[in-house]
Structures are given as C-alpha cells and as structure tokens.
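Single-structure report; data block below.
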C-alpha cells in the first residue's frame, strides 16, 4: 500500500513538472519568434499578416526550416501611442521669440526644418496563434 502511494505521488510530480516544462518551452519559442520581428526594420510599423518565412526572406535558411516557418502565420498590429511634430513646436517657439523681441524667429524655423520633423512612438503587437508579445517602436521621419 505504501509503495502504491509513493508511486502515485511520483507520477503526479512527474506530470506537473512535464506540464511546467512544456509551458516554459512554448514561451521560449514564442520569444525567439518575436525577436525575428525586432530585428526586421521592414515590419512592425503597420498592421499586416505574414508568415514567419516572410520575416526571414533575407536570411539564408535551410529549405526544411523555411517550409516549417511558412506554416506559422503572424499577425502584426501597430498602434500609435504618441506623435510629436517638431515643425509645429519650432514655429510656436519662433513666435514666442519674435513677440519677446529677442529674435525674429526665422533662423530658428530654418534650423528646425533641417532637423527631424516627426517623432512617433507606437506599440507593435505580434500575435502567433494564441500567444502575443508587445513592444514599443520609435520612428523618426
């Protein structure tokens, strides 16, 4: 009777550990797939549905691996969090300088026109099956 209880407890322990290992393994695989998008400058700034092989089209991959990745569909969702237009900010600062009499403001507007015009911060969400990952992306225009 004692041996049966010990064997039952060991089987229960093995099943729990096996399930935990499987869950961690799936999370690691999902994280690896997410890093494919992080290193890809083409995708992630718009909504799109692609397969994983499309994200890796510029890489030299084994044909078997490429076929395996084509089966995995990825949905990329992009949401703009905030956007800063530096042209509008430069004009308002130039107007303040012109009204205070310190400067005519024209020089500041010209310098701002040469700089980056827009800073956009957005959230990219990568959905693969039932798993999702999100991260922030910064885009200068």
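Note on residue 56/residue 138: beta-carbon distance plugged into 1/(1 + (r/R0)^6) with R0 of 30 Å gives a FRET efficiency of 0.80.
A simple spin-label model places pseudo-atoms 7 Å from Cα toward Cβ; at residue 80 and residue 92 they are separated by 1.7 nm. Scoring 45-55, 62-72, 7-17 by mean Cβ neighbours within 10 Å over their residues and listing the highest first yields 45-55, 62-72, 7-17.
Using the Cβ-Cβ distance between residue 130 and residue 10 with R0 set to 25 Å, the FRET efficiency works out to roughly 0.20.
Average projection, convex hull of the Cα set of region 2-84: 9.2 square nanometres.
The modelled label-to-label distance for the pair residue 30/residue 1, using points 7 Å beyond Cα in the direction of Cβ, is 4.6 nm.
Read-outs: derived from the displayed coordinates by stated rules, not from any lab. If you're wondering where the values come from, they're calculated on a predicted model, not measured in any experiment. Glycine gets a Cβ as well: all are built from the backbone with ideal geometry, and neighbour counts include every protein chain shown.
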